[in-house]
Amino acid sequence: MFCHQDLKGGHLPQDTLCLTYDDGPGPQTAELSRFLADHGISATFFVIGEEAASRPDVLQQLYADGHVLGNHTWSHPGLVSCLETGGDVIHELAAAHNVIREFCDDGPIYFRPPYGNWRQVDSETGSDCEHSIVAKALAAWGEGKHYVGPVNWDISAEDFDYWLRRRSPQACAAAYLDLIHEIGSGIVLMHDGSENPDIRARNQTFAVTRQIVPELLSQGYRFIALDEVINLP
């Protein structure tokens, strides 16, 4: 089911985190997958279908390591503007679904919209509208009954911007640690790839993860899988 409101992890107990990675698979996704598995962490990778289609070996690695593959559309458009300009949002999800479905078990398939873009903005209040035109459009998609979304996030230090500005993974890791300590729990958003080839080539999120995970574990943080965060009837 596609909900009108975002699904987040604000209800999680203190010091409880769920790691999610968007826009891959990227240059070091396989190594990242193995590292997380070695630390007993099941993460969710919201992959771009266009990028994932040529890398079934990486998708198989993620699946074998116990991670969850989520749908992040075929080409990473903003779905609200896509709909408003006559685009086909069902095709965006269906094309990506065809790439990942063999690596998904019988449970729900999770969906995260690119940029978290899901609802129109109310021109009077400047805030998101209560209902989503994207959720309404996707109600016509037969495979949608297997989906849960939109999965949003609670913690993001915008790692992609560090690679865009050629900043170090140490600076990025420090920003994530500061934000995690401030907020305390929730769904963490990072990016193991990008629809931008330049940012993708400079991605160092694996290095960030290698720095923050051992430190957080030593501080008593617990990592849980996405299906432990989002429990819908």
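No value in this document is a laboratory result; all are computed from the given coordinates. Everything numeric here is computed off the predicted structure, so don't read it as measured data. Backbone-built Cβ (ideal geometry, glycine too); neighbour counts: all protein chains shown.
A few comments on the model shown:
- The trypsin sites (Lys or Arg not before Pro) of the stretch 135-175 that DSSP puts in a loop, and whose beta carbon has at most 11 other beta carbons within 10 Å, are Arg165, Arg166.
- Taking Cα atoms only, the orientation of helix 89-100 departs from the longest principal axis of the chain by about 40 degrees.
- Cut-off 18 Å (backbone N to label point 7 Å along Cα→Cβ of Gln14), residues of the stretch 202-233: 216-223
- For Glu50 and Gln120, the difference between the fully extended length at 0.36 nm per residue and the C-alpha to C-alpha distance is 22.6 nm.
- Computing FRET efficiency as 1/(1 + (r/R0)^6) for Ala140 and Asp57, where r is the C-beta to C-beta distance and R0 is 41 Å, gives about 0.75.
- Approximate spin-label separation Glu228-His181, in nm, with each point projected 7 Å along Cα-to-Cβ: 2.4 nm
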